[in-house]
1. In debye, nearest 20, what is the charge dipole magnitude of region 12-80 about its Cα centre with +1 on Lys and Arg Cβ and -1 on Asp and Glu Cβ, if you could check?
2. Between A240 and R100, what is the FRET efficiency for a Förster distance of 35 Å, r being their Cβ-Cβ separation, to the nearest 0.05?
3. Does the chain come out rounded, prolate or oblate by the C-alpha gyration tensor, with a ≥ b ≥ c the root eigenvalues, rounded set by a/c under 1.5 and, if not, prolate when a/b is larger than b/c and oblate if not?
4. Students often forget the sequence filter, so: which lysines lie under 27 Å Cα-Cα from K57 once same-chain residues fewer than 8 apart are removed?
5. Per-residue accessible area for S241 at 1.4 Å probe radius, Å² rounded to 10?
6. As an exercise, use a Förster radius of 22 Å and the Cβ-Cβ distance of K50 and A144 to find the FRET efficiency, rounded to the nearest 0.05.
7. Enter the angle in degrees (range 0 to 90, nearest 10) between the Cα long axis of helix 50-59 and the first principal axis of the Cα atoms of the chain, meaning the one along which they spread out most.
8. Using Cα positions and a limit of under 19 Å, work out the lysines in reach of K252, with same-chain residues fewer than 8 apart set aside.
Amino acid sequence: MSVNLLNFDTAGLAAFFAAQDESAFRAKQVLRWIHRFGQADFDGMTNLAKGLRAKLKDLASVGPPELVLDRVSEDGARKFLFDVGDGNAIETVFIPEDTRGTLCVSSQVGCALGCAFCSTGKQGFSRNLSVAEIIGQLWQASRALGASSSGERVISNVVLMGMGEPLANFDNTVTAIRLMLDDNAYGLSRRRVTVSTSGLVPAIDRLRDECPVALAVSLHAPDDALRDTLVPINRKYPLASLMAACGRYLDKAPRDFVTFEYVLLDGVNDSEAHARALLSRVGGLPCKFNLIPFNPFPGSPFRRPPAERVRRFAEILMEAGIITTTRKLRGDDIDAACGQLVGQVRNRRAKNCFREMNPR
Ligand code: SAH
Ligand code: SF4
């Protein structure tokens with residue numbers, strides 16, 4: 001059976017080559033061909049000896065998830081849909097901005113954590129994505145987007161904020177992140193790769209120790225009673241333990257703040273009192289807030305708050321000196337979305353919205 005080389009980071013590829021009695025240097029060359037140059041055909045890897053190319057053709061392949069849809073929104077957002085087999089699909093969204101291009105990547109098909117306001121959570125959990133399926137989203141998007149005319153990278157930032165809980169698929173996510181950071185692959189800095197988590201405390205500590213990158217934590221409520229109902233994992237890892245983990249993370253984090261994501265739900269968590277309670281909850285922890293007005297989906301009991309309430313909520317946080325951004329709706333005309341991504345190829349018309357992560 002052919003070995004999919006997209007599943008390997010540098011160490012994995014070196015081990016694969018060592019098992020073939022080939023040098024680690026060859027592994028590095030092949031890594032560069034695959035990820036720096038987007039080459040999937042071993043015959044195109046022209047600095048490899050013919051014998052090695054023939055051997056690789058026999059043993060191995062470069063197998064990304066199959067791209068089945070590629071659509072551009074009026075505002076420039078671009079959505080990629082990948083078929084990952086058994087009727088399952090994952091989405092990846094590219095968000096171009098003046099000073100950067102952000103790719104929003106999925107980590108699982110569905111999600112087991114069942115947050116009340118999340119359509120991915122409502123779908124339930126199908127399976128973890130492999131390393132090849134996670135890094136394959138970046139591989140495919142990089143190829144589709146091409147090189148920018150100025151010579152700068154088109155994809156300058158990656159956020160693991162698509163479908164699924166990245167820290168519940170820890171090993172595959174971290175191996176994929178190592179490739180994102182590797183100079184022979186995508187060469188992104190740790191500050192430009194963001195993991196978003198609903199708050200798996202032990203995994204936050206592991207990420208800090210094994211592969212610290214920028215961290216975004218989905219908070220959504222200032223107290224345990226409310227958060228228990230919105231983010232069920234809070235019953236296992238309540239806010240005090242989550243805040244403590246955020247503090248520990250900052251010791252090794254590449255950025256000196258944690259980003260808190262906060263979905264605003266009409267009449268549920270969006271009052272001035274909630275905003276003030278949040279301030280005391282985060283205390284002196286260095287943080288930024290990213291407010292996400294709820295994106296409705298069929299069958300959901302929640303609504304998006306009126307714009308004025310969103311503005312007032314942001315104002316209270318900002319008056320306390322916390323940098324706060326409110327996510328714009330983008331890519332709506334092409335159903336480009338995160339947070340409520342489709343899970344099935346046949347369900348791709350599901351109405352979605354779109355998140356913009358990085359504050360300006
Ligand atoms: N599982 C991770 C990352 C994927 S979800 C996490 O929960 O952080 C990415 C973000 O989208 C999270 O902040 C999540 O709360 C948010 N989100 C989920 N459903 C949403 C919806 N319907 N409207 C707006 N944001 C939503
Ligand atoms: Fe899973 Fe994140 Fe959705 Fe919660 S918000 S169900 S953790 S994908």
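1. In debye, rounded to 20, region 12-80 gives about 240.
2. Values: r = 35 Å, r/R0 = 0.99.
The pair A240/R100 has a calculated efficiency of 0.50.
3. Numbers: a/c = 1.99, a/b = 1.72, b/c = 1.16.
Prolate.
4. In chain and number order, the partners are K28.
5. Accessible surface of S241 is approximately 40 Å².
6. Rounded to the nearest 0.05, the efficiency is 0.15.
7. Approximately 50 degrees, to the nearest ten.
8. K288
The values are calculated or read from the model by the stated rules, or taken from the named source; none is laboratory data. Please read these numbers as outputs of a predicted model, since none were measured by experiment. No Cβ is skipped: glycine too gets one built from the backbone with ideal geometry, and neighbour counts run over all protein chains shown. SASA here: full protein model, heavy atoms, side chains in, ligands and nucleic acids out. Shrake-Rupley method; radii C 1.70, N 1.55, O 1.52, S 1.80 Å.
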